[in-house]
Every structure is written in C-alpha cells, then in structure tokens.
Amino acid sequence: MNTALVTRLSADDLKGLKKSLPDWDLAAGDTALERHLQFKDFRAAWAFMTEVAHYAEAVDHHPEWSNVYNRVAIRLTTHDAKGLTEKDLKLARFINDAAAEHQGDTIHAPIANS
Ligand code: H2B
C-alpha cells in the first residue's frame, strides 16, 4: 500500500481546500468533503454517477453518495484513515471534471434526498 496516500491531510492542507476545491465543503469535523450537485434530469445524473463509479472501482476508492432524480449528494472520506487523505482530493478532482462534463451545478442543500 502507498502510505503517502493514506496519511491524513494536515491542518494546513485543510485550510487550502477552500481555494483548491471551492465547490466542496468540509464536513463531519473536517473528516469529510461534501458536494451537492444538480443535473438536467435523471439521465444526466446517472451518466455522471456511472462515470464516477467506474473510476472509483478502478482506483478502489469509493464515494458515499445518494441520488434523488436529478440531484446527487456526495461525501468523500477515507475510511481506512478515518479522515481526509490525498485519495479524497484525487477523487474530488475527478468528480469536478465529470460534473463539468455532464453540466452539473453545485447546489446548497443539506442532503439530496430531503
Ligand atoms: N473507499 C473509501 N472511501 N475509503 C476507504 O478506506 C476504502 C474505499 N477502502 N474503498 C477500500 C475500498 C478498502 O476497503 C479495500 C479493501 O481496498
């Protein structure tokens, strides 16, 4: 296992996240990142999720997420490290690219299935 990847991010790393990942919010006592997205319709949301799912499976790092029609709520954390690691940042960047490709907009909702 690549230990550098499972080392939790430092307090300084966390401070930089507002700038490097502006669409994401720190959650769960700084142990997770969250992003809420809205797509044109279910088809677009599902296409986005499919792309992310294939990537997650390939890198063996999986999002906690839920979907209601055109909305997707995503939480990233590294279970093995009980907090945020580089793996979450990498997945967040991939998700940002996939969301842009599928025209997802950031929404501010407590949870997608509320
Ligand atoms: N995903 C996430 N988000 N965190 C993990 O710690 C994790 C994972 N661990 N996907 C992986 C799978 C682990 O359970 C397997 C055995 O490698």
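The values are calculated or read from the model by the stated rules, or taken from the named source; none is laboratory data. Here the structure is a predicted model, which is why all the values come from computation and not from measurement. Cβ: placed from backbone, ideal geometry, glycine included. Neighbour counts: every protein chain shown. Side chains included, ligands, DNA and RNA excluded: accessible areas come from the protein's heavy atoms. Shrake-Rupley method; radii C 1.70, N 1.55, O 1.52, S 1.80 Å.
Label sites at residue 59 and residue 47, each approximated as a point 7 angstrom past Cα along Cα to Cβ, lie 2.2 nm apart. Annotation note: trypsin sites (Lys or Arg not before Pro) in the range 40-104 located in DSSP loop regions with a Cβ neighbour count of at most 15 within 10 Å are 40, 82. On C-alpha positions alone, give me the angle between the axis of helix 11-20 and the longest principal axis of the chain, in degrees, nearest 10. It is inclined by approximately 30 degrees. Distance from a point 7 Å along Cα→Cβ of residue 30 to each backbone N in the range 58-100: keep the residues under 16 Å and list them by number. Answer for this model: 78, 82-86. Applying both filters, DSSP loop and at most 16 other Cβ atoms within 10 Å, to the chymotrypsin sites (Phe, Trp or Tyr not before Pro) of the range 48-114 gives 69. Principal-axis analysis of the Cα atoms of the chain puts helix 86-101 at an angle of about 20° to the longest axis. Counting only protein heavy atoms and a 1.4 Å probe, the chain has 59 square angstrom of accessible area per residue. When the solvent-accessible area of the range 56-114 is split by element, carbon and sulfur atoms take up 49 percent of it, the probe being 1.4 Å.
Indicate the gyration tensor shape class of the range 12-53 (rounded, prolate or oblate), computed on the Cα atoms with a ≥ b ≥ c the square roots of the eigenvalues: a/c under 1.5 is rounded; otherwise a/b larger than b/c is prolate and the rest oblate. Prolate shape, in that a/c is at least 1.5 and a/b is the bigger ratio.
The 3J(HN,Hα) values that the Karplus relation (6.51, -1.76, 1.60; θ = phi - 60°) gives for the range 30-38 are, in residue order, 6, 9, 8, 10, 10, 9, 10, 10, 10 Hz. Gly and Pro appear as x. For the chain, a Kirkwood radius taken over Cα pairs fed into Stokes-Einstein (37 °C, viscosity 0.692 mPa s) yields D = 231 µm²/s.
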